[in-house]
Amino acid sequence: METCEYLDSCPFYLGTIERKAVDIEKLKEEYCRKSPLRCARHMISVALGVEKIPEGLYPDEKMVAYELIAGSA
Ligand code: SF4
């Protein structure tokens, strides 16, 4: 188990982005506290920089991450 290095600064984890009708605690457990490398926000941060993360992106919205990263190639 490996927690995310962005826990203290990530708007999703801090709860400052728009809420969606999903189980936020489950996502935090699944991504932020267990597998941050699978998180869409984390992927974009590593590949393109933290400033490229769409504001309201959730960790499980990986298609957005794939498209952004592929589009930047
Ligand atoms: S949403 Fe992603 S980048 Fe943010 S704290 Fe969780 S795992 Fe890290």
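How many percent of all Cα-Cα pairs in region 11-71 sit more than 19 Å apart?
22
For Thr16 and Asp60 in the same chain, what is the full-extension length gain: residue separation times 0.36 nm, less their Cα-Cα distance, in nm?
Fully extending the segment from Thr16 to Asp60 adds 14.1 nm.
If we count other beta carbons within 10 Å of each Cβ, what is the order of Lys34, Lys62, Lys26, fewest first? Don't skip to the answer; put the middle values down first.
Details: Lys34 13, Lys62 16, Lys26 10.
Result, fewest neighbours first: Lys26, Lys34, Lys62.
Can you list residues from other chains, or at least 5 along the same chain, whose modelled amide H is less than 5 Å from the amide H of Asp60?
Close amide H contacts, sequence-distant or interchain: Ala40.
Any chance you could run the full-extension gain for Lys34 through Ala70? It's 0.36 nm times the residue separation minus the Cα-Cα distance, nm to one decimal.
Residue separation times 0.36 nm, minus the Cα-Cα distance, leaves 10.4 nm.
Computed from the coordinates by the stated procedures, all read-outs in this text should not be read as laboratory data. Keep in mind it's a predicted model, so treat the numbers as computed, not measured. Here Cβ is always computed from backbone atoms with ideal geometry, including for glycine, and neighbour counts include all displayed protein chains.
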